[in-house]
Amino acid sequence: FLKTVWIIFRVHYKRSLRIMADMTVNCSALEDGSLIGPKQVYESIYHWNTAVYVILALHAIPLWIISSMIISKLKSTCESELRVPLLFVTLVPPTLLIFFSIGIIIPSTGPFIQLLGDMTICIGMVEFVLLTTRLAGGSKILVQRCTDSKTGLPIAAPPFVCLAVVKQPIVTLRKLNIIQLLPVTLIFLKSALLIIKIFESATYEPGEEPLSVIARYLSIPIGLVGVYTYTIYLILVSQVLKESPTRTLGFVLLGFFVLSDATELFFLFLKGTKM
């Protein structure tokens, strides 16, 4: 049986190589603005495209089923004031998978899908801040817990670990409100980049420096501040709400955002160096 499977695989593999060698379609050689959809990808890589769709379905279907089961139980297992933020946090993985599935099926939508995915993660991060604040009983009670446990503001959070030598300042209501609000700037930042990208796609002419690339470079400091303050909040919550398993969701969302931004910076580096 295994020998028969191996022979069939070799025949189809060699056939695919011959067909791919005769292909004249090259997705990377298409003009700017050309639509790259399933047909163009199939003509470029033949049935390897089918394998990608199968793997995508094997990941998507179980995730959507599990997410649907969790969402359906929120009403009976969660308090009303926690239900909405927890719903948004739960929807982040299946929503990301929907966006990225569209990007895989229609590759020309990739730049827009990347920003939509980032916006989804940022909304999840803001909703997580709201969720944990309500779990603690409000900002004032959260500050009181920090005072009672003698927990300072962890300003040495990544990436500014060099501040570890500085004494941690006292957590006050004003400082906590600033830390809670600054991650919201990430949503406005990604929204602005998406608007710029849409405008650029309608007016861009070959030979011009893409406006979105310049905007991305300028947005790096703003994004860094947003991620930094969110990380401070995560560390603070993990120290104060040790009894709540919900706090781990924040680190998962942070991991999503860091991986997404790291990938984006990597491709910007490749584009800038013309590699």
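Residues of the stretch 126-162 being open to solvent by less than 60 Å² (accessible area, probe 1.4 Å) and aliphatic (A, V, I, L, M), which ones? Scanning the stretch 126-162 gives Val126, Val129, Leu131, Ala136, Leu142, Val143, Leu153, Ile155, Ala156, Ala157.
Residues that are farther than 30 Å from Trp48 by Cβ and either among the aliphatic types (A, V, I, L, M) or assigned to a helix (DSSP H, G or I) (or both): does the stretch 100-108 have at least one? Working first, answer last.
Taking the stretch 100-108 first, the residues farther than 30 Å from Trp48 by Cβ are none.
Within the stretch 100-108 (the criterion being farther than 30 Å from Trp48 by Cβ and either among the aliphatic types (A, V, I, L, M) or assigned to a helix (DSSP H, G or I) (or both)), the answer is no, since none of the residues qualifies.
For the stretch 56-109, the set of residues classified as over 20 Å from the mean Cα position of the chain (by Cα) and farther than 24 Å from Leu130 by Cα consists of Leu58, Ile65, listed by residue number.
Of all residue pairs spaced 6 or more apart or on separate chains, those with beta-carbon atoms under 8 Å, a first member in the stretch 52-77 that is closer than 15 Å to Pro93 by Cα and open to solvent by 90 Å² or more (accessible area, probe 1.4 Å) and a second member that is of a type outside the set (D, E, K, R) and in a helix (DSSP H, G or I) are His59/Leu97; Trp64/Pro94; Trp64/Leu97. Scan the stretch 98-120 and tell me whether some residue there is out of contact with any helix residue (DSSP H, G or I) (no Cβ under 9 Å at 6 or more places or on another chain) and at pLDDT 85 or above. Taking every residue of the stretch 98-120 in turn, none turns out to be out of contact with any helix residue (DSSP H, G or I) (no Cβ under 9 Å at 6 or more places or on another chain) and at pLDDT 85 or above. Pairing residues of the stretch 118-144 that are within 15 Å of Ser238 (Cα to Cα) and polar (S, T, N, Q) with residues that are at pLDDT 90 or above and surrounded by 24 or more Cβ atoms within 10 Å (Cβ to Cβ), at Cβ distances under 6 Å and at least 6 apart in sequence or on separate chains, gives no pairs at all.
Looking at Lys190, is it at pLDDT 80 or above, in contact with a Leu (Cβ under 7 Å, 6 or more places away or on another chain), outside any loop (DSSP other than H, G, I, E, B) and open to solvent by less than 50 Å² (accessible area, probe 1.4 Å)?
Against the criterion (at pLDDT 80 or above, in contact with a Leu (Cβ under 7 Å, 6 or more places away or on another chain), outside any loop (DSSP other than H, G, I, E, B) and open to solvent by less than 50 Å² (accessible area, probe 1.4 Å)), Lys190 qualifies.
The values are calculated or read from the model by the stated rules, or taken from the named source; none is laboratory data. Computed from a predicted model, the values in this text were never measured in an experiment. So basically every Cβ, Gly included, is an ideal-geometry build from the backbone, and we count neighbours across all protein chains shown. Remember, those area values only see protein heavy atoms, side chains included, never the ligands or the DNA or RNA. Shrake-Rupley method; radii C 1.70, N 1.55, O 1.52, S 1.80 Å.
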